[in-house]
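The values are calculated or read from the model by the stated rules, or taken from the named source; none is laboratory data. Since this is a predicted model, take the numbers as computed values, not measurements. Note: areas computed on protein heavy atoms with side chains; ligands, DNA, RNA excluded. Shrake-Rupley method; radii C 1.70, N 1.55, O 1.52, S 1.80 Å.
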Amino acid sequence: NVSFGGSGEETVSSVAASADGGCIVAGYTNSNDGDVSNNNGENDYWVVKLNSLGILQWQKTLGGTSQHDYAYAVLENTEGEFVVAGSAFSKDGDLKEKKKQGADDYWVVALNGNGKINWAYNYGGLKKDIARSIVETNDKSYVIAGSTESNDQDVSGNHGQTDFWLYKIKSNGK
């Protein structure tokens, strides 16, 4: 029985087993103290790596100054990277190289075994796009599932209001 966090609000959205017998946890935080450090402002993705005894090995905040950067899914891929998916509104901080999209976009980040960013890309259109799940496929690509209100940029064929959206990316995020 362990708890982690800071003086603000932390929410866990996803947990996955890691090859070393521990686990990787993803969610979001608006803290910048306690177990949380380097918050970019408002809510950021929060990724926590625990060993097999539940001891914190490392933590990473990812995002920008917007209050809408939320991680919803995490997995460890066959290469040992931790891949996190969610939605991000920010256009600064860790998203400074974000493609010019609109509101919230799918944002997928791959971290190495020590929590350093290997790659990060956003996908979506000019309206709200929220990734809720990610899986690695047999060809080492990823399928991201979530919702979209967009019908432009990366999204086509919207049937009106909010649709279910599946998006497949290569193992390097492209």
Quick one: which residues, 5 or more positions from Ser31 or on another chain, have an amide H under 5 Å from its amide H? H modelled 1.01 Å from N in the peptide plane, none for Pro or chain starts. Gly8, Glu9
Over the Cα atoms, compute the radius of gyration (one decimal) and Dmax (the largest Cα-Cα distance, rounded to a whole number) for the stretch 1-82, in Å. 12.2, 35
Roll a 1.4 Å probe over the protein chains and send me the accessible area per residue for the stretch 34-106 in Å². 41 Å²
Per its Cα gyration tensor (rounded if a/c is under 1.5, else prolate when a/b beats b/c, else oblate), the chain is best filed as oblate
So, in Å, what gap is there between the alpha-carbon centers of the stretch 1-71 and the stretch 101-158? 19 Å
Normalise the Debye intensity by I(0) for the stretch 105-171, one equal point scatterer per Cα, no solvent, then take log10 at q = 0.17, 0.28 Å⁻¹ and round to two decimals. -0.61, -1.22
On the accessible surface of the stretch 93-136, probed at 1.4 Å, how many percent belong to carbon and sulfur atoms? 47 percent
Of all accessible surface on the stretch 13-92 at a 1.4 Å probe, what whole percent is carbon and sulfur? 48 percent
